[in-house]
Every structure is written in structure tokens, then in C-alpha cells.
1. Hey, could you check the stretch 35-50 for residues that are among the hydrophobic types (A, V, I, L, M, F, W, C) and more than 18 Å from CYS5 (Cβ to Cβ) and say which is most open to solvent (accessible area, probe 1.4 Å)?
2. Search the stretch 1-34 for residues being closer than 23 Å to GLY58 by Cα and open to solvent by 80 Å² or more (accessible area, probe 1.4 Å), and hand back the single one that is farthest from the chain's Cα centre (by Cα).
Amino acid sequence: MPSSCKEIRAALAQCLQESECVMVQRHTAAECLRSPLAETLPTKCQQLKKGFGECRRGMIDMRKRFRGNQPITFKSLETSEQSGEGYQLYAGRSAFAGAVKKTDGNEPEPKDWREIENEKYRKEQEAQKR
């Protein structure tokens, strides 16, 4: 297999080996990846499974033939998981990283743009009357 998916494949294998499906229920990793048991996997393993599938699909995607498949390193997933920032498993920026602002609840609510435009219009009207 090309090197672009090796790291995420190894991370998926490690996650499966540590999962309850393999350790406690004594299923094989291949059985745990199939439909009835795949839903019982931890969220991290399900995300890695989806990311690995997208990585493999990206290897044959003709739209990516010039730039190549964009691999995701598992180490970057672990660091983003520990820091609490959002991450995306495969290619590109995260859809949710930095979207949530931390507040203490005492911030004033920003004015609606329509209210701001109405205030500007009223000031212009008053200036024309004078």
C-alpha cells in the first residue's frame, strides 16, 4: 500500500486491538469493522475507519492525481485531541476549529446590521434637516 495511508492504517489497527470488541468479546479486527459490530466501536475507532476509507478512496480519485493524496498524520490528531481544538480526519482544515469563542457571559450582544444601517440613515436625515 502506498505510504500516504500507512500511518492512519496503523492507528486504526492499534485502536481496534485496544477496543472492547477485540479484547473482551474476542472478535477479529475484520469482524469488528463490519456492520453489526462497527457501531459498537469507540468513536475514535469509527473516525479512524472513516478517515482510512477516505484516504484509500483518495488514492484513486482522478481529481487528486496531480497533487496526490493528502495524508493525515495520527500524531497531529493526538495533539489536536489533547489541546481540545477541532480537527478533521482527512485533508484540509477543520470545519469547526476556532468557530467557538470562549466567553464569560458578560459580553454585550452585538447589534444587528439592520439596526446599524437604520441609525446611520436617521443621522443622515437629521443632518439634512439642519
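1. Checking each candidate, the answer is LEU37.
2. In this case the residue turns out to be MET1.
The values are calculated or read from the model by the stated rules, or taken from the named source; none is laboratory data. Bear in mind the structure is a predicted one, so any value in this text is a computation, not a measurement. Glycine also receives a Cβ, built like all others from the backbone with ideal geometry; neighbour counts cover every protein chain displayed. Side chains included, ligands, DNA and RNA excluded: accessible areas come from the protein's heavy atoms. Shrake-Rupley method; radii C 1.70, N 1.55, O 1.52, S 1.80 Å.
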